[in-house]
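Asks: Here you go, one structure.
The values are calculated or read from the model by the stated rules, or taken from the named source; none is laboratory data. Bear in mind the structure is a predicted one, so any value in this text is a computation, not a measurement. With ideal geometry, Cβ positions are generated from the backbone for all residues, glycine too; neighbour counts draw on all protein chains shown. Side chains included, ligands, DNA and RNA excluded: accessible areas come from the protein's heavy atoms. Shrake-Rupley method; radii C 1.70, N 1.55, O 1.52, S 1.80 Å.
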Amino acid sequence: MKHIGKKLTGMLLGVTMAVQMLAVCAAAEEPVFNVGEGYEKVCENQRLALYLNETNCFFAVADKSTSKVLYSNPLNAEEDVTASNRYKMELLAQFAFDYRQTDDKSTSYLNSYTASVRRGNFEIQKVEKGFTIQYELTNLELTLPFSVELAEDHITVSVDFSGLEGKESQINNLMLLPYFGCGDTSVNGYSFVPDGSGAIINFNNGKNSVDSYQQWVYGNDPADEDTTASFIGEKASVPVFGSHSDNGSFLGIIEDGAPQAAIRAYTSGNLTMFNNVYPSFAMIPSNTLAINETVKNDVFGTEYLTDRVTVKYYPLGADQSGYAGMAEIYRGYLAENGLLPEKAPEGDYGVLLETYGAVKKKESILGFPITVTKKLTSFENCMTIVGEMLEKGISSVNVEYHNWNSAGLSGKVDGNPRPLSKIGGEEGYAELETYLEQNGGRVYLNTAAMTFQNGSMSASTNFDSVKKLGNITVEEYPVTLNTVAPDTSQKARLFLSHAKLNTLLTRMFQNFAKWGNRNLAFSDIGNLAYADHSDKQTVFRQDGIEQLNQTILDNQASYDSLLLHDANMYSFRYAGYISDLPTESSGYSIADESVPFLQMVLHGAVKYAVSPVNMSSEPQKAVLKAIETGSELSFAWIYEEPSILHNTSLNTLFASDYRLWMDFAAESYQKASSALKEVSGLTMTGHECLAEGVYQTEYENGVRIIVNYNDTAVTTDDGVMVNAMDFIVIGEGE
């Protein structure tokens, strides 16, 4: 009986403790939020709660896991005495926009507060998981639905444009939730923007006299650009943005409307006393056409580019922090939506060799100028280079072959290109392919499909090129580096119409497969997206992306692997290898630091390489950047002496003599491989700045790699010493 009594006592004690623990857990999971006067709870789930102020249409998202609340608008907006009246009103709005009457080319500005809320011209409709606000924009005689829906770990915010077609007023550009989750001058934190590898803009960084950050998602659209010059700098490859601060942190993911979106960010003192980041959307296509040197004409389209814009806002959870937490969320989002490759990357840590088969060069023969084809690297030469790399201990070499066919050398597109006989022809290619496969690598033949300079049987410069509004051919010239102006003395780059592009690609895949080439590299597909405003057929940028993706997916049986340059998000899922993945941002004045957000998203899902190390002004730093960002090394080499490139289109490859770089490449490979071989297929889980010029990257197996870019040795706070311009690996595989 004593034993039974002890059992009962123990059971009762256990039940009591369990009840107490459940009560504690319930209390921890259900914090009481004081979101502010006037807010009422609309709905909630296990983690998040959505509140709405029905008087001013402000809303708030409370996170039970962090006890943080993110607000659509700052609660202390009235304290901003520096903002102009326009921005004081914008602080109270859910969206702002510029608009015009369809028969007028001048534009005006409004926002949801001044156009609707202040006048009481709005209607709130609550639903099970959120609400919709019908904003009656009296000035425009339009009603614009704005919806917020609560999901398990995020909210979905959308604006519906489907009812605006055919109206006399047009909304040209929309700025969505410009002050969501913002912080004032008393708040510590930063905005995250997707420039290049990623960049952060510290709150209150004192850069209120410099330009704000603004960058188009997926890069500039040449069909909607006013300039004829190609863009200099990195681009925004992913449609995301975020904020990390004392007030709470979030990642915004643009879904509907991403190809026409731009990311904007400001620091306190730019326009208001708040630090903010948000998306804006071009809703109507437009550009400025030059009639002559002094007269310009603004041209607008007549159709909205999309029926809806949608952004998902993910509050960072208790176990997520900063841009590393944002990358974790985005990686999960891509995987969940089938936007990453289905198979994990294969093979050990390797190197990408970019080489060039031939080049066109003007020479004088008997006093007559003539253009000849000069061999740079034959397929046999390439085997020689790779053989020396293997002898030096550089393994898993992949080769990207440029300038290997006559169409490419002539600036043309061709649905059935064949290797030049001058560099070995199809037989030489087959030997190189076999040689690389036997040694754990692939050969990717680089082809331009979306861009061309000269007409051919496959594409006419007139009928098959993309047009701006006004049916004017889009021409893009290379930039003169010293003036950053278009060099019109050079041949312009044209863009292939979408109908022609998809037909050409299908032929290309089929013909390549017939003669045995199943690994392709594209210098434009994956990183270039454009609209076409041809009178024959208008294709918006989003539609062009979808058509291209479908063509590639339809032809998957015709290829084994695709190598893409600096790929945009929509092409991640079919990328077998990504080259030239940026390791830094563009260096906008307002930004404070580059971060490897892209690499944190992609590592373990697809292999990627840095831009060629030998073309860097600081090769040693470039190698350390590869180690910090988990990237494979890349080298751009040719077999012939680089002096042959003088006065050719490849004259920038002045440092391409592989003989001069082989020892450096071998040493660099050994360093990078020793650091990354154990983590090459793993997820990157963390990244942080430990000190000035010292960065730590962490992987899912616990390995930490610390890189020191300083000229002197540095000892970290936890006692780890890293030599000057060196790195150290801590954890498994040290």
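Asks: From the list Asp195, Asp160, exactly one residue is open to solvent by less than 40 Å² (accessible area, probe 1.4 Å), of a type in the set (Asp, Glu), at pLDDT 95 or above and over 20 Å from the mean Cα position of the chain (by Cα). Which is it?
Replies: The match here is Asp160.
Asks: Have a look at Ile525, Ile578, Ile552 and point out the one that is under 18 Å from the mean Cα position of the chain (by Cα) and closer than 18 Å to Lys343 by Cα.
Replies: Just one listed residue meets the conditions, Ile578.
Asks: Separate question: Give me the residue from the range 165-177 that is more than 20 Å from Val148 (Cα to Cα) and assigned to a loop (DSSP other than H, G, I, E, B) and, out of that set, nearest to the chain's Cα centre (by Cα).
Replies: If we take residues in the range 165-177 being more than 20 Å from Val148 (Cα to Cα) and assigned to a loop (DSSP other than H, G, I, E, B), then Glu165 is nearest to the chain's Cα centre (by Cα).
Asks: Let me ask something else. Could you check Gln599 against (1) in contact with a helix residue (DSSP H, G or I) (Cβ under 7 Å, 6 or more places away or on another chain); (2) without any contact (Cβ under 8 Å) to a residue 60 or more places away in the chain and say which number it fails?
Replies: (2)
Asks: If you don't mind, there's one more thing I want to ask. Is there a residue in the range 264-271 that is within 15 Å of Val159 (Cα to Cα) and touching a residue at least 12 places away in the same chain (Cβ under 8 Å)?
Replies: No - not one qualifying residue is present in the range 264-271.
Asks: Residue check, Thr434 against (1) closer than 21 Å to Gly576 by Cβ; (2) open to solvent by 20 Å² or more (accessible area, probe 1.4 Å); (3) at pLDDT below 95, all met but one. Which one?
Replies: (3)
Asks: Please work out which residue is farthest from Glu700 (Cα to Cα), limiting yourself to the range 611-622 and to residues that are open to solvent by 10 Å² or more (accessible area, probe 1.4 Å) and not polar (S, T, N, Q).
Replies: Met615
Asks: Which one of Thr377, Thr371, Thr302, Thr294 is free of Cβ contacts under 8 Å to residues at least 24 places away in the same chain and assigned to a loop (DSSP other than H, G, I, E, B)?
Replies: Exactly one of Thr377, Thr371, Thr302, Thr294 is free of Cβ contacts under 8 Å to residues at least 24 places away in the same chain and assigned to a loop (DSSP other than H, G, I, E, B), namely Thr294.
Asks: Out of (1) in contact (Cβ under 8 Å) with a residue 40 or more places away in the chain; (2) more than 30 Å from the chain's Cα centre (by Cα), the odd one out for Asp153 is which?
Replies: So Asp153 meets the others, but not (2).
Asks: It is to be established whether one or more residues within the range 435-452 are at positive phi, free of Cβ contacts under 8 Å to residues at least 24 places away in the same chain and part of a helix (DSSP H, G or I).
Replies: No, that holds for no residue.
Asks: Just for the range 702-733: of the residues that are free of Cβ contacts under 8 Å to residues at least 12 places away in the same chain and more than 19 Å from Lys621 (Cα to Cα), which one is surrounded by the most Cβ atoms within 10 Å (Cβ to Cβ)?
Replies: For the range 702-733, the residue satisfying everything is Thr715.
Asks: Any idea which of (1) at pLDDT 95 or above; (2) under 21 Å from Met283 (Cα atoms) is the one Glu141 doesn't satisfy?
Replies: Going through the list (1) at pLDDT 95 or above; (2) under 21 Å from Met283 (Cα atoms), Glu141 breaks only (1).
Asks: What is the residue count in the range 350-398 for residues that are crowded, with 23+ Cβ neighbours inside 10 Å and among the aromatic types (Phe, Trp, Tyr)?
Replies: 2
Asks: Is it the case, given these coordinates, that Gly347 is of a type outside the set (Val, Ile, Thr) and at pLDDT below 95?
Replies: When the stated conditions are applied, Gly347 passes them.
Asks: Within the range 357-364, identify whether any single residue is polar (S, T, N, Q), out of contact with any strand residue (DSSP E or B) (no Cβ under 6 Å at 6 or more places or on another chain) and at pLDDT 95 or above, and answer yes or no.
Replies: no
Residues are listed down the side, and each one gets a yes or a no for (1) β-branched (Val, Ile, Thr); (2) touching an Asp or Glu at 6+ places or on another chain (Cβ under 7 Å):
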{"site": "His244", "(1), (2)": "no, no"}
{"site": "Asn247", "(1), (2)": "no, no"}
{"site": "Gly257", "(1), (2)": "no, no"}
{"site": "Thr272", "(1), (2)": "yes, yes"}
{"site": "Asn276", "(1), (2)": "no, no"}
{"site": "Asn287", "(1), (2)": "no, yes"}
{"site": "Val309", "(1), (2)": "yes, yes"}
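Asks: Follow-up question, since we're still on this one. Would you confirm, using the coordinates I've provided, whether Asn287 is touching a residue at least 12 places away in the same chain (Cβ under 8 Å), in contact with a Cys (Cβ under 6 Å, 6 or more places away or on another chain) and part of a strand (DSSP E or B)?
Replies: no
Asks: Shifting gears a bit: Determine, yes or no, whether Glu688 is at pLDDT 95 or above, open to solvent by 20 Å² or more (accessible area, probe 1.4 Å) and either of a type outside the set (Lys, Arg) or in contact with a helix residue (DSSP H, G or I) (Cβ under 7 Å, 6 or more places away or on another chain) (or both). Before you say what the answer is, go through the steps one by one.
Replies: Numbers: at pLDDT 95 or above: yes; open to solvent by 20 Å² or more (accessible area, probe 1.4 Å): yes; either of a type outside the set (Lys, Arg) or in contact with a helix residue (DSSP H, G or I) (Cβ under 7 Å, 6 or more places away or on another chain) (or both): yes.
Against the criterion (at pLDDT 95 or above, open to solvent by 20 Å² or more (accessible area, probe 1.4 Å) and either of a type outside the set (Lys, Arg) or in contact with a helix residue (DSSP H, G or I) (Cβ under 7 Å, 6 or more places away or on another chain) (or both)), Glu688 qualifies.
Asks: Take Ile644 and tell me if it is open to solvent by less than 30 Å² (accessible area, probe 1.4 Å) and either more than 13 Å from Leu352 (Cα to Cα) or not small (Gly, Ala, Ser) (or both).
Replies: It is false that Ile644 is open to solvent by less than 30 Å² (accessible area, probe 1.4 Å) and either more than 13 Å from Leu352 (Cα to Cα) or not small (Gly, Ala, Ser) (or both).
Asks: Here's a follow-up. Name the residue that is farthest from the chain's Cα centre (by Cα), counting only residues in the range 557-575 that are of a type in the set (A, V, I, L, M, F, W, C) and in a loop (DSSP other than H, G, I, E, B).
Replies: Result: Ala575.
Asks: What single numbered condition from (1) touching a His at 6+ places or on another chain (Cβ under 7 Å); (2) part of a loop (DSSP other than H, G, I, E, B) fails to hold for Tyr313?
Replies: (2)
Asks: Return the residue satisfying two criteria in turn: it lies in the range 34-63 and is open to solvent by less than 20 Å² (accessible area, probe 1.4 Å) and outside any strand (DSSP E or B), and of such residues it is farthest from Ser249 (Cα to Cα).
Replies: Within the range 34-63, the match that is farthest from Ser249 (Cα to Cα) is Cys57.
Asks: Which of the following residues is within 28 Å of Pro478 (Cβ to Cβ), of a type in the set (Gly, Ala, Ser) and open to solvent by 40 Å² or more (accessible area, probe 1.4 Å): Ser406, Ser421?
Replies: Ser406
Asks: For the condition closer than 29 Å to Glu354 by Cα and either open to solvent by 40 Å² or more (accessible area, probe 1.4 Å) or in contact with a helix residue (DSSP H, G or I) (Cβ under 9 Å, 6 or more places away or on another chain) (or both), what is the one hit in Tyr658, Tyr699?
Replies: On inspection, the qualifying residue turns out to be Tyr658.
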